[in-house]
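Engineer: Take this structure, written in C-alpha cells, and hold onto it; I'll ask about it next.
The values are calculated or read from the model by the stated rules, or taken from the named source; none is laboratory data. If you're wondering where the values come from, they're calculated on a predicted model, not measured in any experiment. Glycine gets a Cβ as well: all are built from the backbone with ideal geometry, and neighbour counts include every protein chain shown. We work out accessible area using only protein heavy atoms, side chains counted, and drop any ligands, DNA or RNA first. Shrake-Rupley method; radii C 1.70, N 1.55, O 1.52, S 1.80 Å.
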Amino acid sequence: MQKPVKTPREALKLIVHTWRHAAPFFASIEVWLMVLVAATVVGGVFLAAMGDPLSLLAIGFAVGYLVLRPVLHAKGILSWPFL
C-alpha cells in the first residue's frame, strides 16, 4: 500500500506519473472509437426519450460499429490488444 499523499505537490506528482503511465492506452484509436460509441449510445437514448427519430440513426451507428469491429480486427485495421 502506498503512503498517503500529504501535500498538493505530492498529489500533482502522482497525477502526472499516472497520466504518463496511462498515455499509451489513451493513444489507441480503438479506445477513442469506443468512447465515441458510448457517447453515441447515450445521445441516442436521450433522443429516444425525447421522441426524436434521430435516435434511430445514433443507436444504429453504435450497433453498426459493434458489428463492424470484428471485421476491422480481422482485416488488421484495428489490433488487439489495444496497443
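Engineer: I need every pair where a residue in the stretch 1-30 that is closer than 29 Å to S79 by Cβ has its Cβ under 7 Å from the Cβ of a residue that is open to solvent by 100 Å² or more (accessible area, probe 1.4 Å) and at pLDDT below 85, sequence separation at least 6 or different chains.
Structural biologist: Correct list of pairs: P24/L83; S28/L83.
Engineer: Within the stretch 69-82, can one find any residue that is open to solvent by less than 90 Å² (accessible area, probe 1.4 Å), hydroxyl-bearing (S, T, Y) and either part of a loop (DSSP other than H, G, I, E, B) or touching an Asp or Glu at 6+ places or on another chain (Cβ under 9 Å) (or both)?
Structural biologist: Looking for residues that are open to solvent by less than 90 Å² (accessible area, probe 1.4 Å), hydroxyl-bearing (S, T, Y) and either part of a loop (DSSP other than H, G, I, E, B) or touching an Asp or Glu at 6+ places or on another chain (Cβ under 9 Å) (or both), one finds at least one in the stretch 69-82, hence yes.
Engineer: Hey, another quick one. How many residues, within the stretch 7-30, are open to solvent by 100 Å² or more (accessible area, probe 1.4 Å) and among the acidic types (D, E)?
Structural biologist: Residues in the stretch 7-30 being open to solvent by 100 Å² or more (accessible area, probe 1.4 Å) and among the acidic types (D, E): 0 in total.
Engineer: Further, regarding this structure: Of all residues in the stretch 15-51, how many are in a loop (DSSP other than H, G, I, E, B) and in contact with a helix residue (DSSP H, G or I) (Cβ under 9 Å, 6 or more places away or on another chain)?
Structural biologist: Residues of the stretch 15-51 in a loop (DSSP other than H, G, I, E, B): 27-28, 51.
When the remaining residues are screened for being in contact with a helix residue (DSSP H, G or I) (Cβ under 9 Å, 6 or more places away or on another chain), the result is none.
Looking only at that region, the number is 0.
Engineer: Follow-up. Cβ-Cβ distance below 7 Å, separation of 6 or more or different chains: which pairs start in the stretch 41-63 with a residue that is among the hydroxyl-bearing types (S, T, Y) and end on one that is open to solvent by less than 50 Å² (accessible area, probe 1.4 Å) and in a helix (DSSP H, G or I)?
Structural biologist: S55/G44; S55/L47
Engineer: Something else now. Exactly one of (1) open to solvent by less than 60 Å² (accessible area, probe 1.4 Å); (2) in a loop (DSSP other than H, G, I, E, B); (3) of a type outside the set (G, A, S) is unmet by P4. Its number?
Structural biologist: Condition not satisfied by P4: (1).
Yes or no, residue by residue, for (1) out of contact with any Gly (no Cβ under 8 Å at 6 or more places or on another chain); (2) more than 20 Å from R69 (Cα to Cα):
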{"residue": "T7", "(1), (2)": "yes, yes"}
{"residue": "T18", "(1), (2)": "yes, yes"}
{"residue": "S28", "(1), (2)": "yes, no"}
{"residue": "W32", "(1), (2)": "yes, no"}
{"residue": "V41", "(1), (2)": "yes, no"}
{"residue": "V45", "(1), (2)": "yes, yes"}
{"residue": "M50", "(1), (2)": "yes, yes"}
{"residue": "P53", "(1), (2)": "yes, yes"}
{"residue": "A58", "(1), (2)": "no, no"}
